[in-house]
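Here the structure is laid out as structure tokens; the discussion comes afterwards.
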Amino acid sequence: MSLCARRTELLEELKSELKGTEILITKTDVSKEEDCKQLIENTIEKFGRIDVLINNAGISMRALFEEVDLKVIKQLMDVNFYGTVYCSKYALPYLLKTKGSLVGVISIAGFVGLPGRTGYSASKFAIRGFLDTVRIENMKRGLHVLVAAPGFTASEVRKVALTGDGTQQGETPRNEEKMMSAEECAHRIVKAIEKRKRELILTFVEGKLTVFLGKFLPSLLDKLTYGHMAKEPNSPFK
């Protein structure tokens, strides 16, 4: 197993828990192409093959577009979208050899625009379009491509979300205890990889129903989305 992150100390903790599993850790900033290339090279040097690539790195934001510094939008695209592009680019030749799985973890924000999160939604829409296209390009070569879209999941993503000036939000505006756990989300994604699904939309109301309304009642979904997000504490819009 090959793992990467900027905070490798957290990966070391995970490694100590997964006794009996051979784990390679590479310090990686996915917004940097060279880091992503090195990650893949290290993985091949250690294991000789790649069967599954899961693109899960991501950051969020919380600010009105008219008030956001454009550097925030760029940072989200660099991490969320280009991180997926870079890792996928260098892993693709090896995934084609093994007829493996290329996975991108997006969000329901990749199906509906979330107010106050323009850069986040834009990056997730972009990942979905990118991976759908890679799937079609390689449909006769045995490559499996999965786009996984969790609903609201308990994680650090809202605590470190960027505000309009690029500083971290510092606290979550939502009750994390009522959300799907990261462990449950990961379990569902693994099952979808095993079944070689093309798309995984998690949770019924925030996930499947949202996508359904987006297709058939988009104006209603706009109103519901606005009202839902406006209820957050200190929402940037009302």
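Read-outs: derived from the displayed coordinates by stated rules, not from any lab. This structure is a prediction, so every number in the text was calculated from the model and none was measured. A quick note on method: Cβ atoms are made from the backbone with ideal geometry, for glycine too, and the neighbour counts reach across all protein chains shown.
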Positive minus negative residues near THR26 (Lys, Arg vs Asp, Glu; Cβ under 15 Å): -2
Debye intensity ratio I(q)/I(0), log10, region 76-144, q values 0.19, 0.22, 0.27 Å⁻¹ (C-alpha model): -0.72, -0.89, -1.15
Cα gyration tensor shape of region 1-148, rounded if a/c is under 1.5, else prolate or oblate by comparing a/b with b/c: oblate
Sum of -39500 (n - 2.57) over DSSP H runs of 4+, divided by residues of the chain (222 nm, nearest 500): -13500 deg cm²/dmol
Cross-link reach list, aspartates and glutamates versus LYS124, counting only Cα pairs under 18 Å and skipping chain neighbours closer than eight places: ASP78, ASP132, GLU156, GLU199, GLU206, ASP222
Relative contact order for the chain, counting Cα pairs under 8 Å that sit 6 or more residues apart, in percent: 19
Long-range amide H partners of ARG6 with built H, under 5 Å: THR28
Fraction of beta bridges assigned by DSSP in the chain that are antiparallel (%, nearest 5): 5
Highest-MSF residue in the chain out of MET61, MET139, MET180 [GNM, Cα springs under 10 Å]: MET139
When each of LYS46/LYS140; LYS32/LYS231; LYS97/LYS208; LYS15/LYS89; LYS140/LYS178 is checked by Cα-Cα distance, pairs over 31 Å: LYS32/LYS231; LYS97/LYS208; LYS140/LYS178
Separation of alpha-carbon centers, region 1-52 and region 112-169, rounded to whole Å: 21
Overall Cα dimensions of region 57-230, principal axis frame, Å, largest first: 46, 33, 31
Top of ALA122, ALA149, ALA182 by mean-square fluctuation, Gaussian network on the chain, Cα under 10 Å: ALA182
Loop-exposed GluC sites (Glu not before Pro) per DSSP, neighbour cap 16 Cβ within 10 angstrom, longest uninterrupted part of the chain: 23-155
Mean Cβ count within 10 Å, highest first, over the residues of peptides 219-231, 101-113: 101-113, 219-231
